[in-house]
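Undergrad: Attaching a single structure in C-alpha cells format; questions to follow.
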Amino acid sequence: MCVNYRPPLPEQLDMVLGVLVDLIRDRDWAPETWKDYDAPILRSGADGRCEVSLASYGMVPRRHIPASVKVFDTMNARAESIADKRSFAPAWHRTQLCAVPMTCFYEPNYESGRAERYGIGMRDDALFFVAGLWREWGEADGKVATSFTQITINADAHPLMRRFHKPGDEKRALVVLPPGDVDAWLQCRSPELARSFLRHYPAEAMKAWPAPNTVRKTAAPAAAPVPAAQGSLF
C-alpha cells in the first residue's frame, strides 16, 4: 500500500490547472505527504466545476479516532471492499470522488534482499492524478476540515507494480487516472460507473527508480481533539 508520496509544487499545479490554484496559492504543504499531512486534491464543487482543496491524508484522521479504539490507517481504500468498509462506503455511495495530484509515490522493493524505497511515476516525469475519495469532518473549533484516501487495486499481474512489497504479500497499485479521464471521474455520480475507472495504468508509460529517503519526516500539524458527538468514523 502507498503511505507516502510527493505532491506537486503550487507552480506545477498552476501549470496544469491555472486560476484554480489561486485558491490555495498562499497555502503551503510538505514536500512529501504522509498520514495526516495536508495536501491538495481536486474534487467537484457545489456548482459542478472542478475545485482545488487542501485535505489531510487518511480518510479518518487520527484525531477523530476515539481513545478507546486502536489506531488504524485509512490512507488506502481497497477497490474490492470500498463499498462495504465503514470508513469508505458512505463517501463511495455518495460518489465523493477526488483526484490526488502527485509527481511520484513511494513503495518498498525487496529485489536486493532487503527493503529499498523506490519512487514510481510517469516515464515523461509529468504530474499525474490518482483516484480517491474525500469526506468532511466537524472540528472542535467549529470549522469543517476535509480528508481523503487513495484507491488501490490488485497488481499481482502488473509488469511494474508487481515488483513492490514483501515477497509473498499481495501486490497493490494506486489507480492512476489517464489525463483524459480526470474530469469524467470527478463528475461521475454512479458508484457502478465509477468502478469502470478502477483499472491499471500502462506499465510502459511509467517508471521506477531507487529513491532513498532524504526528507526528514516531521509530525503532522496538531489539531484539537474532537468530542465524540462531533465526529464519527463514517
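Undergrad: State the Kirkwood hydrodynamic radius of the chain in Å, one decimal place, computed from all pairs of distinct Cα atoms.
TA: Working: mean 1/r = 0.0548 Å⁻¹.
One decimal place: 18.2 Å for the Kirkwood radius.
Undergrad: Extending each Cα 7 Å along its Cβ direction at Cys50 and Trp29, get the distance between those two points in nm, one decimal.
TA: Those two pseudo-labels are separated by 1.5 nm.
Undergrad: Out of the total accessible area of the chain (probe 1.4 Å, heavy atoms of protein only), what percent is carbon and sulfur?
TA: 54 percent
Undergrad: What number comes out for accessible area per residue over the chain if the probe is 1.4 Å? Units Å², please. Before the final figure, lay out the partial values.
TA: Details: 11570 Å² over 234 residues.
On a per-residue basis, 49 Å².
Undergrad: I would also like to ask the following. Over 29 Å between Cα atoms: which of Lys35/Lys85; Lys35/Lys166; Lys143/Lys207 fall into that group?
TA: Working: Lys35/Lys85 19 Å; Lys35/Lys166 21 Å; Lys143/Lys207 41 Å.
In this structure, Lys143/Lys207 exceed 29 Å between Cα atoms.
The values are calculated or read from the model by the stated rules, or taken from the named source; none is laboratory data. None of these values were measured; they are calculated from a predicted model. No Cβ is skipped: glycine too gets one built from the backbone with ideal geometry, and neighbour counts run over all protein chains shown. Heavy atoms of the whole protein, side chains included, go into the accessibility calculation; ligands, DNA and RNA do not. Shrake-Rupley method; radii C 1.70, N 1.55, O 1.52, S 1.80 Å.
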